[in-house]
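The values are calculated or read from the model by the stated rules, or taken from the named source; none is laboratory data. Please read these numbers as outputs of a predicted model, since none were measured by experiment. When we count neighbours, we look across all protein chains shown, and the Cβ atoms used for this are built from the backbone with ideal geometry, even at glycine. With ligands, DNA and RNA removed, areas are computed over all heavy atoms of the protein, side chains included. Shrake-Rupley method; radii C 1.70, N 1.55, O 1.52, S 1.80 Å.
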Amino acid sequence: MATSQSCLGSAIKVGHLIDVLDLLKRCGFPETKWYELGLRLGLLKRTLDVIEKNHPHDISRCMTECLSQWLGRADNVDSRGGANLDSLSDALRSMNETAVAEKLKQDILINIFNNCHTVLSQSLCDSVSIAWLLYGERMLAQEAVSRVVSASPSIPNQLEEMKVTDATRYNETYRTQLKEFCKSLSISLCLKKRFSSISHLQCETVTLVFDWEPEEHVLKDIKELLAKVSGKLLKIEYMEPHKSISVTCSFPFSNVGFTVLSMIENIHILMGQGLKKLTIGNLTLWRRQDVRQKEPKEKDDDLLHTEVISYIVLEEAEYKLRDAISSKEKDTIELKQKISMAQVHVPEEELMSVQSDTQSIEEEPLDKELTVLSCQFNEIIQENKELSDQLSKMKVDYLRSLSSNTDSAASKVRRGMALEVDDCKFHLQAMTSPDYQPLVHNKRIIENLQEKIALMNTELIMERKRNEKTIKDTKDLKETEHKRQREKKPKVEKEMCNYKLSCNHPITGKLMNAVLETHKEELLSIVLDKAYELMELAPHIPIERCRLVKYNYIKEVMDQSFDLEEFQHQTIGQLIGRAGVHNFFGLFLEICKENKTFKKYNDGGINLLILVVDLSTGEVRQAETMRAEIGWTVGELKQYIGELFNLNSSCMRLVLEEEYMGDTSVQDIRYEDGSLLKTKLYREDIYGIYKQCKKIYVSSNPEDYQKEYKDSLMYRYIDVHINSILLDITIPPEPEATSTTTNTCRDNEVMKIISANEEKKGKERIIQVKVGIITLAQLKEALVPLIGVPPVGFRVYGIRYNEEYEMENLDGSFKDIKSGSKLIVRLGRALHYGECRIELYLLQVNNTEFCKYMMESVVTEGIPVGKFKKQIIKEAEVQGIDGVLEFDKMRLRKKNRISPGMVYLDHRLITTNRELYVETLKGSEKKKREGLVQVYVIRWRPSQCSVDPIEEIILDSDDPKHIIEKLSELSESKIPVYHLFYAMEISFPVKISCLNFENKLKWNSIDSFIYSRLYDDGCVIYYKDNREKMKELTDKERSEIQDAEEARLLRIREFESQHTQKYCF
């Protein structure tokens, strides 16, 4: 193959087809098995059948096409591992072509070294780098790489073991360069560096300390020195600074004796090189010391080391002699066996012939050979005996020397050990005697401890009994208390009171309601603290500015105030009674303004709403709450109102507003100063039902006071106020509204503009008007100056249940419309009988703004779609709508929220209100009859990660073969039907990102048995050439595509939120 990257990567491209063919030919793969190989590689049977049909009797061409499909990752190739040499090797092995697979692997390995020698020459000293290189070439598994990393064996040795002859010259070059490098490598660079990844036992190590300067020596000096003294037996493990240099080496434990002897025999060489200390395992064989600083004890230590070394030498000599004796004994046995074999294998006849021919054959007589062997055997036995005697004599001489030399270190050690043994025997005998003092003392201590333990056990038993009694008494007390609480609980619950508590919060200004739980026997001060905490007034208002008031929440009146100075010793039960179903009283937490005092409320008050009428302007001020005593007269009420609102009570007119059975009436009580207020506010009707008056209109004007009520200004202004409502009306932008008051007076009908919102120039405005009980026609006449068109040119819509409805009854009044209702005014004439209003939207599928509002059109129900299309063209020209509409190049279709639906042919009839799409066409309408289905088609290009502009086709059925044939004719490149795949979405627009097309869309082919059905016009079909491979995007490209798709999907969601679906046909 050309390069390693071309065929040994994780995936092989189609362009490397010839390389794969050459590789299989070199490995001896038979081309006749191409069909089975294709199946093993993941190709489908129908693909292989097509290849066989297109190239009959041409095995070589079939093999080539089969591998081409595999390299193109057709069918199920990816599920079998993809197009790479791993999957090819697995397929060969599954076909029992093991020899071909092995040869394939060897050929690949040789190819790696032929093409990667540059990388290998740079990293042969690093086994881990080469292992990762082979792993990247998919020639080593992860487990093998892990073993190489842990052991890091020599790569050159691996190459030799694998017999890779092509790498010999690179291996030799590597060794030569490595030797040259080691010659110049300074020791200072090797300090604290480990030379081996495997740690050895302490008994397998030799430590040498040299009096060297690291910068003055190289690694080669140490290696040569170790080779001299150990015969290349020692291997360097670790080097570190140790007041000079410390070298740690390793050796096999089986050679410990030889290692010790070699080091002792060559210690003079080490001493000549500045050796300071020599240690084997835990034994220090030699240490250099200053003679001037030696002490007698140190001399004895030196002698002790000398004796130990001598003993080791003798032991080693003994081992050698024993080995020699054993070897000689083996030779003797072999000689005996030869003699026996010689005697056995010589027959008697031959023996007689040999004896007769002894004189003729003098060169090799048998007796002479036997004699020589016997002599050799005797000599060996004698030599063994001499060696044994020599060994015994050496041992005796050595033991005598030890016993005769009393000053030797060994004698001193023996004497010391004997004295220590005698001393231990003496102490042992003393300790085993009954009167041994320490033993007697220990027995006494044990007896005392046993007595203490017995006393402590007795105390623990007594304490346990006391604890059990205490626990039992406590449990009894708890049960008694629980019983008392259970008996008391119903009584306490019966005496608990829940009061409705109200308060005008000083921060929010809202009326807050809560439930205050308290005992009926709690004092007023405690209940006030609870109410203050419940309403969370701290730290805004101090508790000193708060008091509780008895509040009738049915009549909404402060009934009686509870000041602490007066009622501090009374309970809440005494003051207000118990709260219950038939008790309409609660508590109100009243707040006094700063530097003000509370006004006292006596039992039996009423709240009144006072509305002051300004007769000079006709304005009725906002109602204010005032508490009055039920026992006042009308005159006392006038005087109190005059003081409160700074009015003259002598010419004050009071008008009561009564509400009864949905009707509102008024009563003038200006001349009834002596009447009790109670008789005016509470009156019984003919059915025995009391009517309550709580709203009072007040004016103070001497002239108007003298007039009769119905002739006075006050009557006029109150009548307008009672019979008028506020409306918030949204009107079109032109012309600009004026802030002046516009009055349309017909009898008692008046409209007054309260406010106008003109913040949005050129857009809709919201005005607030006050109108009397007028009809819709009167309102439209009053709105003409504000809108600028006659009443027939605009429509009024109301809002009911959050939905708009058109107000069509011109004679209908606003009596049933509540004050504060909202109305919407839209331009356009009102509908006549049999007409419907349709909103038209322009559909542009290849535009970002695919759903654009065009206009609103009124059409008569039941006219044909073709006639309505002509009407749309004329109205669009009149309104100056952008774009040219042609009758033959446009269509109307159903609008399902934002998705286009059924295409309406010209003979269809308009039946009711609807939103419709107007879609412009490039040519004439292709859908000529019912039963055909119009679909949008989009080509997906995976190699570019992009889509083509939207086109459309007309289908007769939803059969995959029919759809694929239509798509194949449509595409410019004429995609073959067997390579054309398509996926269907329900409607336009598609809400899937193009980055997910391959995964989320369900792709069908011509052979698909399960496919989506077409139910209506407007479906979307994506199609692609299956031979295209997905583009590998960079991070930047992926980010750009993702941003564009998110913007497109966001725009779709915005359209969805703006449009609602309405069913009209």
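Of (1) open to solvent by 80 Å² or more (accessible area, probe 1.4 Å); (2) farther than 30 Å from Trp70 by Cα; (3) at pLDDT 85 or above, Thr1060 satisfies all except one. Which?
For Thr1060, the exception is condition (3).
State whether the residues of the range 1044-1051 include one that is more than 26 Å from Met902 (Cα to Cα) and in contact with a helix residue (DSSP H, G or I) (Cβ under 8 Å, 6 or more places away or on another chain).
Pass one, the range 1044-1051, residues more than 26 Å from Met902 (Cα to Cα): 1044-1047.
Now narrow it down to the ones that are in contact with a helix residue (DSSP H, G or I) (Cβ under 8 Å, 6 or more places away or on another chain): 1045.
Yes, there is a match, as at least one residue in the range 1044-1051 is more than 26 Å from Met902 (Cα to Cα) and in contact with a helix residue (DSSP H, G or I) (Cβ under 8 Å, 6 or more places away or on another chain).
Yes or no: the range 242-253 includes at least one residue that is at pLDDT 75 or above and in a helix (DSSP H, G or I).
no
Surrounded by fewer than 13 Cβ atoms within 10 Å (Cβ to Cβ) and touching a His at 6+ places or on another chain (Cβ under 8 Å): is that true of Asp956 in this structure?
On the way: surrounded by fewer than 13 Cβ atoms within 10 Å (Cβ to Cβ): yes; touching a His at 6+ places or on another chain (Cβ under 8 Å): yes.
Criteria met by Asp956.
Tell me which residues, restricted to the range 209-234, are on the phi < 0 side of the Ramachandran plot and modelled with pLDDT under 75. Lay out the reasoning, then the answer.
As a first pass, look at the range 209-234 and keep what is on the phi < 0 side of the Ramachandran plot: 209-230, 233-234.
The one that is on the phi < 0 side of the Ramachandran plot and modelled with pLDDT under 75: Leu233.
Which is modelled with pLDDT of 80 or more, over 16 Å from Asn607 (Cα atoms) and of a type outside the set (Phe, Trp, Tyr), of Glu684, Glu636, Glu708?
Just a single option satisfies the conditions, and that option is Glu708.
Within the range 936-943, can one find any residue that is out of contact with any Asp or Glu (no Cβ under 7 Å at 6 or more places or on another chain) and in a loop (DSSP other than H, G, I, E, B)?
Looking for residues that are out of contact with any Asp or Glu (no Cβ under 7 Å at 6 or more places or on another chain) and in a loop (DSSP other than H, G, I, E, B), one finds none in the range 936-943, hence no.
Within the group Glu849, Glu808, which residue is in contact with a helix residue (DSSP H, G or I) (Cβ under 9 Å, 6 or more places away or on another chain), open to solvent by 70 Å² or more (accessible area, probe 1.4 Å), under 30 Å from Asp948 (Cβ atoms) and part of a loop (DSSP other than H, G, I, E, B)?
It is Glu849.
Which one is farthest from Arg1027 (Cα to Cα), of the residues in the range 969-978 that are modelled with pLDDT under 85 and surrounded by 15 or more Cβ atoms within 10 Å (Cβ to Cβ)?
Here the residue is Leu970.
For the structure I just gave you, tell me whether Arg795 is farther than 28 Å from Pro989 by Cβ and not in a loop (DSSP other than H, G, I, E, B).
yes
Which residues, counting only those in the range 773-811, are closer than 17 Å to Ile725 by Cα and polar (S, T, N, Q)?
Residues satisfying the conditions are Thr775, Gln778.
Identify, from the list Glu952, Glu930, Glu965, the residue that is over 38 Å from the mean Cα position of the chain (by Cα) and part of a loop (DSSP other than H, G, I, E, B). Let's see the steps before the verdict.
Details: Glu952 fails: part of a loop (DSSP other than H, G, I, E, B); Glu965 fails: part of a loop (DSSP other than H, G, I, E, B).
Glu930 is the lone residue from the list that is over 38 Å from the mean Cα position of the chain (by Cα) and part of a loop (DSSP other than H, G, I, E, B).
With respect to the numbered conditions (1) over 17 Å from Leu270 (Cβ atoms); (2) modelled with pLDDT of 80 or more; (3) open to solvent by less than 40 Å² (accessible area, probe 1.4 Å), which one is the sole condition not fulfilled by Val206?
Val206 satisfies all of (1) over 17 Å from Leu270 (Cβ atoms); (2) modelled with pLDDT of 80 or more; (3) open to solvent by less than 40 Å² (accessible area, probe 1.4 Å) except (1).
Among the residues of the range 262-291, what is the count of those that are touching a residue at least 40 places away in the same chain (Cβ under 8 Å), open to solvent by 60 Å² or more (accessible area, probe 1.4 Å) and assigned to a strand (DSSP E or B)?
Looking only at that region, the number is 1.
How many residues does the range 505-534 hold that are closer than 17 Å to Lys593 by Cα and in a loop (DSSP other than H, G, I, E, B)?
6
Among the residues of the range 55-64, is there at least one that is touching a His at 6+ places or on another chain (Cβ under 7 Å) and buried (at least 20 other Cβ atoms within 10 Å of the Cβ)? Working first, answer last.
Restricting attention to the range 55-64, the residues satisfying the condition of being touching a His at 6+ places or on another chain (Cβ under 7 Å) are 61-62.
From what is left, the residues that are buried (at least 20 other Cβ atoms within 10 Å of the Cβ) are 62.
For the range 55-64, residues touching a His at 6+ places or on another chain (Cβ under 7 Å) and buried (at least 20 other Cβ atoms within 10 Å of the Cβ): present.
Filter the range 687-704 down to the residues that are open to solvent by 30 Å² or more (accessible area, probe 1.4 Å) and either of a type in the set (Ser, Thr, Tyr) or at pLDDT below 80 (or both) and list them by number.
Tyr687, Gly688, Ile689, Tyr690, Lys691, Gln692, Lys694, Ser700
Just to be sure, is Leu905 open to solvent by 50 Å² or more (accessible area, probe 1.4 Å), of a type in the set (A, V, I, L, M) and in contact (Cβ under 8 Å) with a residue 24 or more places away in the chain?
No, not satisfied.
Any residue at all in the range 780-801 that's under 30 Å from Tyr717 (Cβ atoms), in contact with a helix residue (DSSP H, G or I) (Cβ under 8 Å, 6 or more places away or on another chain), among the charged types (D, E, K, R) and surrounded by 13 or more Cβ atoms within 10 Å (Cβ to Cβ)?
yes
For the range 563-650, list the helices (runs of 4 or more DSSP H) that sit wholly inside it and hold at least 2 residues that are open to solvent by less than 60 Å² (accessible area, probe 1.4 Å); which are they?
Hits in the range 563-650: 572-576, 634-645.
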